[in-house]
Amino acid sequence: MKKLIWLELRKIFSKRLTQFALAVGLLLSALLAFSTWQNKYASDGAGNEGTGRTAVEIDKAVAARYSGILTDEKVQQMIAEIVPESGENGLNAIYLYQNTIQSAVSARFSDINGNWNGLRVSDLFGDESIKIGYVDGWLSTSRNMTSILVAFSFFIIMMIAPVFCGEYSGVDNIILSSKYGRTKCAEAKVIAGIMAALITTAIVLAVNLLMALAFYGSEGLDCSILFAQLTYIEGGIPFNITCGTLLVYQSVLAVTGTIGVTGITLLFSAACKNQMIALVASVAVYALPLLLPVAETSALFRLVVLLPIYHAQFVSLMSVAQMSGILLYAIWAVPAALILIAAGSIFSRRVFAGHQVS
Amino acid sequence: MELSAVNLTKRYGSKTAVNRLNVTLTNGVYGLLGANGAGKTTFMRLLCTVQRPTSGKIDLDGKNIWKLGERYRDVLGYLPQHFGYYPDFTALGFLLYVAALKGLDDRKAKKVSNKLLEEVGLSGESRRKIKTFSGGMKQRLGIAQAMLNDPYILILDEPTAGLDPKERVRFRNLISAYSKDRIVILSTHIVSDIEFIAEKIMMMKDGEIIHFGRPHEITSGIDGCVWECSVPTSRVEQYTASLNISNLRNEENGRTVLRVIADQPPVAGAVKVQPNLEDLFLYYFKGEDEQ
Ligand SMILES: Nc1ncnc2c1ncn2[C@@H]1O[C@H](COP(=O)(O)OP(=O)(O)OP(=O)(O)O)[C@@H](O)[C@H]1O
Ligand SMILES: [Mg+2]
C-alpha cells in the first residue's frame with residue numbers, strides 16, 4: 001500500500017503542469033512579499049524616512065516606544081509626540097501618513113486636524129486589553145497570503161483533477177484488470193491526492209511565513225490585530241486576537257480549505273470522463289459560493305462561509321463570531337472540511353472501483 | 001482450471017456486441033478470430049472485468065469472476081487492444097508501476113520487469129520514456145506488462161498488431177513457451193499468427209462464437225469450398241470483382257493462379273484444395289467490410 005501511495009504521489013508530482021504551477025505559486029509568493037516589503041514607507045516625523053528595510057526599521061523603532069497595553073495615557077502621549085498637525089502642507093492631518101503607529105492612532109483617536117477626538121480606549125475597545133506594537137509586517141503578510149491561497153486553491157484543483165479521470169483515457173484497462181486496481185489503487189489515489197495537496201499547501205505556507213520572518217522579524221506576533229494602521233481596518237476581523245493567533249487561524253484554514261477543495265475535486269475527478277470537464281466542474285463548484293446572493297448578515301451565510309473558498313478568503317469567516325477567548329466560529333471549518341473530504345474520498349473510490357472502460 | 005462464459009451478453013444501447021455467448025475454456029492457447037466489430041474486444045473486456053456483462057456471467061471453476069474480485073485478477077494478465085500509458089514514464093518505470101498494482105513486492109517486481117523487457121526485446125530501452133517509443137515498441141511493452149504477475153489466464157487483444165516479422169516470431173515463441181498449463185486467449189486479424197500457436201480457434205461473428213475447435217477441425221467445415229484455378233492475368237480484375245478470392249499468384253506465362261472460395265467450381269478446370277484458416281475467415285466474413 002505504501003508503495004502504491006508513493007507511486008501515485010510520484011505520478012502527481014512528475015506532471016509538468018504540477019511542477020510549473022507550483023513554481024509559479026512560489027514565485028508569486030516571493031514577488032508579492034518582496035514588492036510589499038519594498039514598497040513600505042515610513043518616516044518618524046523627526047527627519048528620518050525611507051522605504052523597504054529602512055521603513056521597517058523606522059516603524060519598529062516608533063512601535064517600540066509605545067509597545068505594551070494600550071492605555072489612555074499612551075494615546076495622549078502618541079497624539080502629542082507623533083500625530084502631525086495639519087496646516088503644514090495644506091493636507092488635513094488625518095490624511096497624512098508617516099508610519100504605522102501614527103496611522104493607527106490617528107485613525108482612532110484624532111480629529112481631522114490631528115487633535116484628540118475625545119474618545120477613550122474603553123469607548124473603542126470596551127474592557128479588552130489591547131497589546132500594541134509592530135504588527136504591520138505580519139498583517140501585510142497575512143493579506144498577501146490570502147490572495148496567494150485563493151490562487152493556490154485553483155492550482156490544487158488543477159493538480160488533483162487528473163488523479164482519477166487521467167486514467168480514463170486508456171490506462172484504466174490495465175489498472176482495473178490488475179489485482180489491486182479497483183481496491184487498493186483507488187485508495188492510494190485518494191490518499192496520494194490528499195497528501196499532495198497538503199504537502200504543496202505546507203510548502204506555500206512555509207515559504208510565505210519564512211519570507212515574512214526574514215523581511216520583518218518576529219516582532220508583533222503577540223500584539224493585537226486591532227491596533228493596526230488605517231488600511232487594515234476595513235475587512236479586518238473585529239476580535240481581539242494576536243497576530244500570532246491570526247496566522248495560526250489562517251494556516252489552519254489554508255489547510256482545511258485545501259482539504260475541502262481536494263474533496264470536491266476528487267469527487268469530480270472520478271465522476272467526469274475527462275480532465276477538462278473535471279477541472280471546470282470543480283472550479284465552478286468551488287467558486288460558486290462567491291456568486292451566491294447571500295448577505296453576510298443572513299443566517300445562511302454562517303453555513304455558506306464554511307465552504308472551502310471562504311477558508312482561503314478567510315477574513316469573512318473569521319469575522320462571523322467569537323465563541324470564547326481565541327475560539328472563533330471559524331473553527332467549524334475543520335469539521336466542514338472533514339465532511340467534504342470524507343464525501344469526496346468515499347464517493348470517488350466507489351466510482352472508480354465500479355468504473356467500466358469504454 | 002476452467003473458465004466458462006454462460007449466456008454472456010453485452011449491449012451498448014441497442015447494439016449487442018456480445019450475444020448470449022457460451023464457451024468453456026481449459027488450458028491451452030485460444031485464437032479469437034472475427035471481422036472488425038465482431039465483438040472480440042468486448043468479449044475480452046468482459047473476461048478481464050473491465051466491463052460488466054449486461055446479462056450472463058463468467059465463472060472460474062464455477063465461481064463468478066466478479067465475486068472472486070482480487071483473487072481472479074491476481075491470476076489475470078491483459079493486453080488491451082488500445083491502452084493508455086504515461087508518456088513521461090520510462091519503460092521500466094511503467095512496468096514497476098503495473099507490478100505494484102499487481103501486488104508484486106519490490107525485489108520481485110524489478111527482477112520480473114527486467115526479465116520481461118529482455119524477452120520482448122526492450123532491455124536496451126528500459127530507461128527510455130515511453131513517449132519516445134514506436135508503435136511496435138509500445139505494443140511489446142504492453143505484452144510485457146500483461147505477463148508481469150505470471151498470470152494463469154493471459155488475454156491478449158491483437159498482440160501482434162504493429163509488430164514487424166522478426167518481433168512476431170519472437171512473440172510466438174514467447175507465447176508457446178509460456179502457455180503450458182495456462183489459458184491464453186489472443187485475438188488477431190493475422191490469421192497466420194494464430195495458425196502457428198493457437199491450439200483452438202474461436203471464430204466470432206455478430207457477438208457469437210460460430211466455430212470453436214482445432215484449426216483442422218474447423219476448416220473441415222468448408223472442405224470442398226476452396227478451389228485453385230489458372231486464369232489469364234489480363235482477366236484477373238474481372239474475377240476479383242465477382243469471386244471471393246483468398247489469394248492470387250502470378251505465373252510467368254501470363255497467367256495467374258487464383259485461390260477461390262466458392263460452393264461451386266468457379267471456372268471449368270478448377271481443382272479442390274485443402275482449406276486453411278484464412279479461407280475459413282474469408283468464407284464467413286466475405287462482404288462484412290462492405291456492410
Ligand atoms: N463503448 C462502446 N459503445 C458503443 N458501442 C461499442 C462500444 N464498444 C464497442 N462497440 C460496438 O460493439 C461491437 C463490437 O465491438 P468490438 O470492439 O468488440 O469488436 P472487435 O471484434 O474487437 O473489432 P476489431 O477487430 O475492430 O477490434 C461493434 O459494433 C462496436 O461498434
Ligand atoms: Mg477489437
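The values are calculated or read from the model by the stated rules, or taken from the named source; none is laboratory data. The structure displayed is predicted, hence computed values, not measured ones. Methodologically, a virtual Cβ is constructed for each residue, glycine included, from the backbone with ideal geometry; neighbour enumeration extends over all protein chains shown. Just so you know, the surface numbers come from the protein's heavy atoms only, side chains and all, with ligands and any DNA or RNA stripped out. Shrake-Rupley method; radii C 1.70, N 1.55, O 1.52, S 1.80 Å.
Here are a few things to note about the model shown:
- Cβ-Cβ under 9 Å pairs, at least 6 apart or on other chains, region B:123-145 side not assigned by TED's automatic domain parsing to the domain that holds B:A91, far side in a helix (DSSP H, G or I) and open to solvent by less than 20 Å² (accessible area, probe 1.4 Å): none
- Of the candidates B:T49, B:T42, the single residue that is assigned to a helix (DSSP H, G or I) and within 16 Å of ligand 1 (Cβ to nearest atom) is B:T42.
This table checks each residue for (1) open to solvent by less than 40 Å² (accessible area, probe 1.4 Å); (2) out of contact with any Lys or Arg (no Cβ under 7 Å at 6 or more places or on another chain); (3) β-branched (V, I, T); (4) assigned by TED's automatic domain parsing to the domain that holds A:E8.
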{"position": "A:S251", "(1), (2), (3), (4)": "yes, yes, no, yes"}
{"position": "A:L290", "(1), (2), (3), (4)": "no, yes, no, yes"}
{"position": "A:L306", "(1), (2), (3), (4)": "yes, yes, no, yes"}
{"position": "A:V320", "(1), (2), (3), (4)": "yes, no, yes, yes"}
{"position": "A:L340", "(1), (2), (3), (4)": "no, yes, no, yes"}
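- Scanning region B:1-24 for residues that are more than 16 Å from ligand 2 (Cβ to nearest atom), within 14 Å of another protein chain (Cβ to nearest Cβ) and assigned to a strand (DSSP E or B) gives a single hit, B:R11.
- Qualifying positions in region B:177-224 - within 16 Å of ligand 1 (Cβ to nearest atom), aliphatic (A, V, I, L, M) and part of a strand (DSSP E or B): B:I185, B:L186, B:I201, B:M202, B:M203, B:M204, B:I209, B:I210
- Residue within region B:260-283 that is closer than 30 Å to B:L76 by Cα, open to solvent by less than 60 Å² (accessible area, probe 1.4 Å) and not in a loop (DSSP other than H, G, I, E, B) present: yes
- Yes/no for B:Y78 being in a strand (DSSP E or B), within 15 Å of ligand 1 (Cβ to nearest atom) and either farther than 17 Å from A:N173 by Cβ or not aromatic (F, W, Y) (or both): no
- Residue selected from region B:40-59 under the condition open to solvent by 10 Å² or more (accessible area, probe 1.4 Å) and within 14 Å of chain A (Cβ to nearest Cβ), by the criterion nearest to ligand 2 (Cβ to nearest atom): B:T41
- Candidate set from region A:176-198 (those that are among the β-branched types (V, I, T) and modelled with pLDDT of 95 or more); member that is surrounded by the most Cβ atoms within 10 Å (Cβ to Cβ): A:V190
- Pairs with Cβ under 6 Å, 6+ apart, first in region B:267-280 and closer than 17 Å to B:L248 by Cβ, second of a type in the set (G, A, S): B:E278/B:S246; B:D279/B:S246
- Residues in region B:139-162 that are out of contact with any strand residue (DSSP E or B) (no Cβ under 6 Å at 6 or more places or on another chain), part of a loop (DSSP other than H, G, I, E, B) and within 16 Å of ligand 2 (Cβ to nearest atom): B:T160, B:A161, B:G162.
- Within region B:163-176, the only residue that satisfies the criterion of being assigned to a loop (DSSP other than H, G, I, E, B) and either open to solvent by 30 Å² or more (accessible area, probe 1.4 Å) or under 23 Å from B:K102 (Cα atoms) (or both) is B:D164.
- From the list B:G62, B:G37, the one residue that fits, being open to solvent by 30 Å² or more (accessible area, probe 1.4 Å) and more than 13 Å from ligand 2 (Cβ to nearest atom), is B:G62.
- Taking region A:80-198 as the region of interest, the helices (runs of 4 or more DSSP H) fully inside it that hold 3 or more residues being within 14 Å of chain B (Cβ to nearest Cβ) are A:162-165, A:171-176.
- Contact annotation: residue pairs with Cβ atoms under 6 Å, 6 or more positions apart or on different chains, pairing a residue in region B:149-162 that is open to solvent by 20 Å² or more (accessible area, probe 1.4 Å) with a partner that is within 13 Å of ligand 2 (Cβ to nearest atom), are B:E158/B:Q81; B:E158/B:S187; B:E158/B:T188.
- The listed residue being within 14 Å of another protein chain (Cβ to nearest Cβ) and of a type outside the set (F, W, Y), out of A:L32, A:L7: A:L7
- Within region B:21-44, residues that are more than 16 Å from B:A198 (Cα to Cα) sit with their Cβ atoms under 7 Å from residues that are more than 8 Å from ligand 1 (Cβ to nearest atom) and in a helix (DSSP H, G or I), at 6+ positions apart or across chains, in these pairs: B:A35/B:F285.
- Number of residues in region A:36-46 that are more than 15 Å from A:Q102 (Cβ to Cβ) and open to solvent by 50 Å² or more (accessible area, probe 1.4 Å) equals 2.
- Any chance A:S140 is open to solvent by less than 40 Å² (accessible area, probe 1.4 Å) and either more than 29 Å from A:A104 (Cβ to Cβ) or assigned by TED's automatic domain parsing to the domain that holds A:A61 (or both): no
- Number of residues in region A:199-223 that are in contact (Cβ under 8 Å) with a residue 40 or more places away in the chain and outside any helix (DSSP H, G or I) equals 6.
- Residue within region B:230-246 that is in contact with a helix residue (DSSP H, G or I) (Cβ under 8 Å, 6 or more places away or on another chain), among the polar types (S, T, N, Q) and assigned by TED's automatic domain parsing to the domain that holds B:D150 present: no
- Residue match in region B:20-29 (condition: open to solvent by less than 40 Å² (accessible area, probe 1.4 Å), within 10 Å of ligand 1 (Cβ to nearest atom) and either under 19 Å from the mean Cα position of the chain (by Cα) or among the small types (G, A, S) (or both)): no
- Residue identified as away from ligand 1 (no atom under 16 Å from the Cβ), within 9 Å of chain A (Cβ to nearest Cβ) and touching a helix residue (DSSP H, G or I) at 6+ places or on another chain (Cβ under 9 Å) among B:G69, B:G103: B:G103
- Among the residues making up region A:253-288, those that are buried (at least 21 other Cβ atoms within 10 Å of the Cβ) and either of a type in the set (G, A, S) or touching an Asp or Glu at 6+ places or on another chain (Cβ under 9 Å) (or both) are A:A254, A:G257, A:G260, A:G263, A:S269, A:A270, A:A278, A:S282.
- Matching entry among B:I222, B:I194, B:I218 (being under 30 Å from B:F43 (Cα atoms), β-branched (V, I, T) and within 16 Å of ligand 2 (Cβ to nearest atom)): B:I194
- Residues within region B:68-89 that are crowded, with 18+ Cβ neighbours inside 10 Å and in contact (Cβ under 8 Å) with a residue 24 or more places away in the chain, tallied: 11
- Pick from region A:48-74, criterion without any contact (Cβ under 8 Å) to a residue 60 or more places away in the chain and touching a Phe, Trp or Tyr at 6+ places or on another chain (Cβ under 7 Å), ranking: most open to solvent (accessible area, probe 1.4 Å): A:T51
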